[in-house]
Structures are given as C-alpha cells and as structure tokens.
Ligand code: SF4
Ligand code: SF4
C-alpha cells in the first residue's frame, strides 16, 4: 500500500524537490510564452499574446540599475518593473532564510544539483577542492559583484541611469538574452558545455565560483535571521552533516552556520541521526522552521509579492507591442525583407 504523505514530518529533501519542480515548470511556461512572443516579433507580426513579465527575473543587472533609480527618484521604472520586484523578493528571502532562493527556486541551482548527483555517482563520496584553490576561486564571483556594484552605484550618475533604463538596449534586453540562446554562437556553446562538464567534476562550479547573483545573496545571507544551528550537547560527532553538505561546510564544528555558501537546503538536518540537534532557527534555536514552513515562506514571498505588484500596477511594463516591434526593427532584429 502507498505510504500516506505527511507534510508535518516531511524532510527538507522531499519538500524542496516539489518546490523546485513547481518553480521549474513556472520558468518553462514563462520561457515558452516569451519565446512565442519573440518569434512573432521576429517574423514582423504584432504578437497575439502578452509578454510574460516574469521573464524580467533573468535581468539582474538591469534590476540593480532599477534599484539605484528607485533610490534616487522613488519611482519603480516602467520598463522592467517586475525585474526590480523579483530582485527585491529574492533579496528578502535571503535576509530571512539564507540562500534558500538558490536551493528552492533557481533553475540553475536545480541543474547544479542534478550535476552534483552525477558527480556523486562517479566519485561516490564526492571530491572536495583543496582550500588553497577553493578560497581564491570563490573570490571570483565577489569580484564580479563588486565590479557591477561599483559601476552602477559609483560610476553611473542619475542621467546615465535614466538613459540606460529607457534605452532600446535595455527595453529589449530580455529579447536579446533569449536570442543569445536560440541563436547561440560556437564560442558561447563551448563555454556553456565546458561549465556543465566542470560542474560534473567540481560540485556547484557555477554557483560556488562564478555567479555574481549568488555572491550578492551570500552577502545578504550573513544577516539572515534563520540559520542552521547545532546543539553541541546533543551532537554525537558522527560528521554525517559534513558528508552531505553540498557546500562542503564543516557543520559538525560550528555552532551557527554563518557561511555565505549555505543554501538552507536542510540536507544536514535530514542526515543527522540525532534528531533535533540541527535546526534552521532563530538565535537561541528558537522557532525551528519545518521544511513545509520554509516552502510556504518562499512561495508566499513570490506569489504574494507578484500578486501585490499586479494589483498596484507595478508588474506589467508600459511598452506596447507596437513599440516592441519598432525597437526590434531599430535594432535590426526583424526578419522581413
Ligand atoms: S550547512 Fe546544511 S543547509 Fe547549509 S548548505 Fe550545508 S547541508 Fe545545506
Ligand atoms: S550529523 Fe548531527 S550528530 Fe552528526 S556531527 Fe552533524 S550535527 Fe552532530
């Protein structure tokens, strides 16, 4: 007989998989709709469907520029408004529950996990990168982050920010991004395939070493209210938590995990034989989050936030389909004689 699913006792792993699949399906649906929208524009046809605003979640640099514009003017720009809001939702999640965005929502994080499974099939206990190589490599993503933050917040003045936000380059940045993949160059394809192969040999290669978004969330996660906390007295020092941690964190030696690499995936909690020793909780191990609550918080911030944004008119941008067509023609992206 099938075992009855019990949400209250479900482990982080099973709940996380459900949420990851839900978000992956959402991203695929958004991507497919946006692809159809773009193909029609490319063919010189005014699209018969609306552009899905969720696609702006893939424009983090534009979102960072929008954030500065918002700080300067108090206005949510109407070119990629949902891009800024998605950026804020993700930041809020990180301030609350570490880098849970990466382990619950991000499709690249999901892909990384699948590649890690392949890694573990090949290398059984998994390979760890020597710390003298690991630490300098981890700095790369922070260097990229500093570059973007410095350029946007210290080098671009108000005029440059506004000029960029309302430029045709930014308006159709999502379309160009899609075309980057649909009409991929040989160099880009080689780089992407190399990253995938590297991720099979080095766990979480992209997320751990190269993703500036992850670096930003890692920085925010230092301030996270909920963290993995260990009850030293209850711990039996079996080190099972260390073995399963995808970020190679020495959980068994820390009281509170403050690492910027912690995804709040809960694998350490699931693996711990001494139940209750590890928890995702507030200081003093208060208010221990159950996996289902983490999932509700993450889903609520995204769906509640986007609903509120729709309700207040800050979700869909103000660019008409005809304007999109004009920008496409201006940029030579329409395939009509
Ligand atoms: S410390 Fe625990 S929750 Fe954090 S990444 Fe490692 S296994 Fe996941
Ligand atoms: S798995 Fe649990 S009992 Fe074992 S070392 Fe980690 S915290 Fe301690």
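The values are calculated or read from the model by the stated rules, or taken from the named source; none is laboratory data. This is a predicted model, so every value here is computed, not measured. Reconstructed Cβ throughout: ideal geometry from the backbone, glycine too, with neighbour counts over all protein chains shown.
Among what's in the range 265-293 and is within 12 Å of ligand 2 (Cβ to nearest atom) and under 22 Å from the mean Cα position of the chain (by Cα), pick the residue that is farthest from residue 235 (Cα to Cα). Even if it seems obvious, please write down each step before you answer.
From the range 265-293, those within 12 Å of ligand 2 (Cβ to nearest atom) are 267-279; that's our starting set.
Within this subset, residues satisfying the condition of being under 22 Å from the mean Cα position of the chain (by Cα) are 267-268.
Details: 267: 16, 268: 12 Å.
Of everything passing the filter in the range 265-293, 267 is farthest from residue 235 (Cα to Cα).
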message: Quick test of your reading of the structure: residue 307 fulfils all but one of (1) under 30 Å from residue 88 (Cα atoms); (2) part of a loop (DSSP other than H, G, I, E, B); (3) more than 14 Å from ligand 1 (Cβ to nearest atom). Name the failing condition by number.
response: (2)
- prompt: Here are 184, 190, 161: which of them is modelled with pLDDT of 95 or more and within 26 Å of residue 328 (Cα to Cα)?
  reply: 161
- request: Would you point out the residue of the range 294-337, among those that are within 20 Å of the chain's Cα centre (by Cα) and over 23 Å from residue 84 (Cβ atoms), that is surrounded by the most Cβ atoms within 10 Å (Cβ to Cβ)?
  value: 294
message: Condition first: over 13 Å from the mean Cα position of the chain (by Cα) and surrounded by 17 or more Cβ atoms within 10 Å (Cβ to Cβ). Now tell me which residues in the range 18-29 satisfy that.
response: 19
statement: Scanning the range 247-268 for residues that are in contact with a strand residue (DSSP E or B) (Cβ under 9 Å, 6 or more places away or on another chain) and near ligand 1 (Cβ under 6 Å from one of its atoms) gives 249, 251, 257, 262, 264, 266, 268
message: Going through 216, 223 one at a time, which residue ends up being outside any strand (DSSP E or B), surrounded by 14 or more Cβ atoms within 10 Å (Cβ to Cβ), away from ligand 2 (no atom under 16 Å from the Cβ) and in contact (Cβ under 8 Å) with a residue 24 or more places away in the chain?
response: 216
message: Just to check your reading of the model, which residue among 196, 172 is farther than 14 Å from residue 261 by Cβ and in contact with a helix residue (DSSP H, G or I) (Cβ under 6 Å, 6 or more places away or on another chain)?
response: 172
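Would you call residue 116 over 18 Å from the mean Cα position of the chain (by Cα) and assigned to a helix (DSSP H, G or I)? Before the answer, list the steps.
Values: over 18 Å from the mean Cα position of the chain (by Cα): no; assigned to a helix (DSSP H, G or I): yes.
Considered against the rule, which asks whether it is over 18 Å from the mean Cα position of the chain (by Cα) and assigned to a helix (DSSP H, G or I), residue 116 comes out as no.
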message: Please go through (1) surrounded by fewer than 18 Cβ atoms within 10 Å (Cβ to Cβ); (2) within 26 Å of the chain's Cα centre (by Cα) for residue 229 and return the number of the only condition it doesn't satisfy.
response: (1)
field: residue 204, sole failed condition from (1) crowded, with 21+ Cβ neighbours inside 10 Å; (2) within 30 Å of residue 61 (Cα to Cα); (3) near ligand 1 (Cβ under 9 Å from one of its atoms)
entry: (3)
- prompt: Out of all the residues in the range 158-189, which are part of a loop (DSSP other than H, G, I, E, B) and either in contact with a strand residue (DSSP E or B) (Cβ under 6 Å, 6 or more places away or on another chain) or surrounded by 11 or more Cβ atoms within 10 Å (Cβ to Cβ) (or both)?
  reply: 166, 167, 172, 184
